[in-house]
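Asker: Can you keep this structure in mind? I'll have questions shortly.
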Number of protein chains: 2
Amino acid sequence: MVVGAASWAIDSTTDPMPESAIRPRKEFGKTIAADITHRLREEIIACALPPGEPLRFDVLRERFGASFTTLREALTALAAEGLVDAQEQRGFRVAPVSRQDLVEVTDARVLIEVELIRRSIQRGDDDWEIAVISTLHRLKRIEQRDPEHPLRDPEWKIAHRQFHQALVSACGSATLLAIRAELFDRAERYRHLSANFRPRPRDKAGEHQAIMQAAISRNADLATQLIESHIRSTADNVAKYATHLLDTE
Amino acid sequence: MVVGAASWAIDSTTDPMPESAIRPRKEFGKTIAADITHRLREEIIACALPPGEPLRFDVLRERFGASFTTLREALTALAAEGLVDAQEQRGFRVAPVSRQDLVEVTDARVLIEVELIRRSIQRGDDDWEIAVISTLHRLKRIEQRDPEHPLRDPEWKIAHRQFHQALVSACGSATLLAIRAELFDRAERYRHLSANFRPRPRDKAGEHQAIMQAAISRNADLATQLIESHIRSTADNVAKYATHLLDTE
DNA sequence: AACGGTATGATTTTCGAAAATATGGTCCGG
DNA sequence: CCGGACCATATTTTCGAAAATCATACCGTT
């Protein structure tokens, strides 16, 4: 299934197949609704759509080129993920942020991620080790290339997400992984929220390295301790530099 | 906003307002979509719609009297809850069941519910104690009245759900409570799955009573231990009596 | 001036038709 | 007799118009 693979890689100046030159409507999913769900999710996480922003259909319709119904489906899905707030008969809005919500998301992440790291360390095989090492390697490469504002770099965001995903990937529970992924997205939105006001990113590279080493050496107690302080210190940092955004809600 | 409050309380034999006598389309939510989401959820949990069953729009349209789009929105929401399986371009079906999924749901419930009980015991005030005691009282009353097949009694199901909800209600995290509620629903579906083949319900009343007492006396270690074995033994029971349904998927 | 009710405009929600896609069967060539 | 391409049908997915609902400003009354 590599149908439209070339369309984004090569400009269509000498395209032999005329219809494949058309920019595809669906980039991330087979259906338009799934595609828009994905795009909206990215924009909300990146705070391109700011927290609390009303999501009016007229505006979305023009922005995403889809009909009421399709948009409604996407918004319903995101509401279930906690990124959108559905107010019955009064439309949708980007889920608001609050200090309380940040604390809850952080707490829930610690509870679940600590457990999943522990399970992964116990169950992970060679492939798991390779995934952890290689995703961290890629992350460090990207950080070397452009050490300024990592959250502004889409590649860094993907690599960062994939490293944390790899760490827990051997836990054996698709159910808990899905919950973890939702919480990760909600936490990432808070990181973006404070990114513009944070003077300088602290040294996460060292933390990631230490977590990787603890995981690979199967030191579960150390790894879980490092993950917990990694999550909590990130959240503390967000709370510190986004105070003005969290208290006025 | 007590507009339609009388419609369910008093029969409309001498109703002064004619239009309020009409059976409302929306019983559980302000929108039809929310209403259908609720009704579909109940039917899936009760296994009135069996696991794996294809959910074709023609059939649903006639059954629920709603249009394609509205149904689609409801199914999308339920897919995010893990009760419906969305196969892109190939429609929806009731989420299939499996032994693996049962184990995952049980494990996740133990992880989260144990933590929430602990937090509730630490933080719960008088109102929490009253809620725990009164919901258990109501549950016991219903069990006395009809001790045969509790899962067939909608009132027992609601009371049972509310007792377990009350136990964790003081945990202080709406985020974790929402996750817990989803997992509870998924577990309840498995209980229904085995209910028809289980010869006789085991004595849950005693377990509930013991959990309540441990919680009220703020014995967190005992309460969490009781909750864990309560959840696990229920799941073991399901696995035992629904083997033929779990292995053929 | 303050209040309550009402008309008006804006916005969401719902609908069924139309387009897009998958499914199943048939025919043809090997 | 088997396998693959093609067509017809079944089903899902998408659309924009129409209905329902909400927000706001206006008006008359107290």
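Asker: Can you list the residues of the stretch B:68-99 that have at least 40 square angstrom less accessible area with all protein chains present than in their chain by itself, probe 1.4 Å?
Answerer: B:69, B:72, B:73, B:76, B:80, B:88, B:89
Asker: Continuing with this model, one more query. Below 8 Å, C-alpha to C-alpha, sequence gap of six or more: please give me the relative contact order for chain A in percent.
Answerer: For chain A, the relative contact order is 22 percent.
Asker: Quick one: accessible area per residue over the protein assembly as shown, 1.4 Å probe, rounded to a whole number of Å²?
Answerer: Value for the protein assembly as shown: 52 Å² per residue.
Asker: Follow-up question, since we're still on this one. Quick one: 3J(HN,Hα) in Hz for the stretch A:86-91, Karplus 6.51/-1.76/1.60 with θ = phi - 60°, rounded, Gly and Pro as x.
Answerer: Values per residue, Gly and Pro as x: 9, 10, 3, 6, 10, x Hz.
Asker: Between chains A and B, what is the buried accessible area in Å², counting both sides, with a 1.4 Å probe and ligands, DNA and RNA left out, to the nearest 100?
Answerer: In total, chains A and B hide about 2500 Å² from solvent.
Asker: Over every pair of different alpha-carbon atoms in the stretch B:140-220, take the mean of 1/r and invert it; report that Kirkwood radius in Å.
Answerer: One over the average 1/r among Cα pairs gives 14.1 Å for the stretch B:140-220.
Asker: Okay, moving on. Which loop-located GluC sites (Glu not before Pro) does the stretch B:138-234 contain, where loop means any DSSP state but H, G, I, E or B and the Cβ has at most 11 other Cβ atoms within 10 Å?
Answerer: Those that pass, being in a loop and sparsely packed, are B:148.
Asker: Further question on the same structure: Take chain B, mark every one of the chymotrypsin sites (Phe, Trp or Tyr not before Pro) that falls in a DSSP loop and has at most 16 other Cβ within 10 Å, then report the longest stretch left between them, sites excluded.
Answerer: My reading of the result: B:29-196 is the longest stretch.
Asker: Here's something else I'd like to know. Shape of chain B from its Cα gyration tensor (a ≥ b ≥ c, root eigenvalues): rounded if a/c is under 1.5, otherwise prolate when a/b > b/c, or oblate?
Answerer: In terms of gyration-tensor shape, oblate.
Asker: Right, another one. When each copy gets a label point 7 Å from Cα toward the beta-carbon at residue B:50, what are the spacings between them in nm, shortest first?
Answerer: 5.5
Asker: Using a Gaussian network for chain B with springs between C-alpha atoms less than 10 Å apart, which of these wobbles most: B:94, B:103, B:59?
Answerer: Among B:94, B:103, B:59, the largest mean-square fluctuation in the Gaussian network model of chain B belongs to B:59.
Asker: Sticking with this one: What residue among B:167, B:102, B:55 has the largest mean-square fluctuation in a Gaussian network model of chain B, using Cα springs under 10 Å?
Answerer: Judging by the Gaussian network model, the answer is B:55.
Asker: Could I ask something else about it? So if we plug the beta-carbon distance of residue A:88 and residue B:129 into 1/(1 + (r/R0)^6) with R0 = 22 Å, what FRET efficiency do we get, rounded to 0.05?
Answerer: E(calc), rounded to 0.05, equals 0.10.
Asker: Hey, can you grab everything whose amide H is under 5 Å from the amide H of residue A:53? Only 5+ residues off in sequence or another chain; H modelled, so Pro and N-termini drop out.
Answerer: Result for residue A:53 returns A:94.
Asker: Throw me the Rg/Rh for the protein assembly as shown, computed over C-alpha atoms with Kirkwood Rh, two decimals.
Answerer: 0.98
Asker: Kindly write out, for the stretch B:61-77 in residue order, the coupling ³J(HN,Hα) from the Karplus curve 6.51 cos²θ - 1.76 cosθ + 1.60 (θ = phi - 60°), rounded to whole Hz, with x marking Gly and Pro.
Answerer: With the stated coefficients, the stretch B:61-77 comes to 4, 6, 5, 9, x, 10, 8, 3, 4, 5, 4, 4, 5, 5, 5, 4, 5 Hz.
Asker: Take the Cα radius of gyration of the stretch B:99-247 and divide it by 2.2 N^0.38 Å, with N its residue count; two decimals is plenty.
Answerer: The value comes to 1.01.
Asker: To continue, here is another question. When only DSSP loop residues count, what trypsin sites (Lys or Arg not before Pro) in the stretch A:181-249 have their Cβ near at most 14 other Cβ atoms within 10 Å?
Answerer: Those that pass, being in a loop and sparsely packed, are A:202, A:218.
Asker: If amide H atoms are built 1.01 Å from N in the plane of the peptide, which residues on other chains or at least 5 residues away come under 5 Å of the amide H of residue B:84?
Answerer: B:79, B:95
Asker: Rounded to the nearest percent, how much of the accessible area of chain A (1.4 Å probe, protein heavy atoms only) is carbon and sulfur?
Answerer: 52
Asker: ³J(HN,Hα) across the stretch A:113-122 via Karplus (A = 6.51, B = -1.76, C = 1.60, θ = phi - 60°), whole Hz, x for Gly/Pro?
Answerer: Calculated HN-Hα couplings, in order: 5, 4, 5, 6, 4, 4, 5, 5, 4, 6 Hz.
Asker: If you don't mind, there's one more thing I want to ask. Quickly estimate the mean residue ellipticity at 222 nm for chain A, helices only: each DSSP H run with n ≥ 4 gives -39500 (n - 2.57), and the total goes over all residues, rounded to 500.
Answerer: -21000 deg cm²/dmol
Asker: Right, another one. Starting from the Cα gyration tensor of the stretch A:175-249, take the square roots of the eigenvalues, sort them a ≥ b ≥ c, and report rounded, prolate or oblate (rounded when a/c is under 1.5, otherwise prolate if a/b is larger than b/c, else oblate).
Answerer: Oblate, since a/c reaches 1.5 and b/c is not below a/b.
Asker: Please report how far the C-alpha centroid of the stretch A:226-249 lies from that of the stretch B:185-249, rounded to the nearest whole angstrom.
Answerer: Taking the Cα centre of each part, the stretch A:226-249 and the stretch B:185-249 sit 38 Å apart.
The values are calculated or read from the model by the stated rules, or taken from the named source; none is laboratory data. Keep in mind that what you see is a predicted model, and the values were worked out from it rather than measured. Please note: Cβ atoms are built from the backbone with ideal geometry, for glycine as well, and neighbour counts cover all protein chains shown. What goes into the accessible areas is simple: the full protein's heavy atoms, side chains included, and nothing from ligands, DNA or RNA. Shrake-Rupley method; radii C 1.70, N 1.55, O 1.52, S 1.80 Å.
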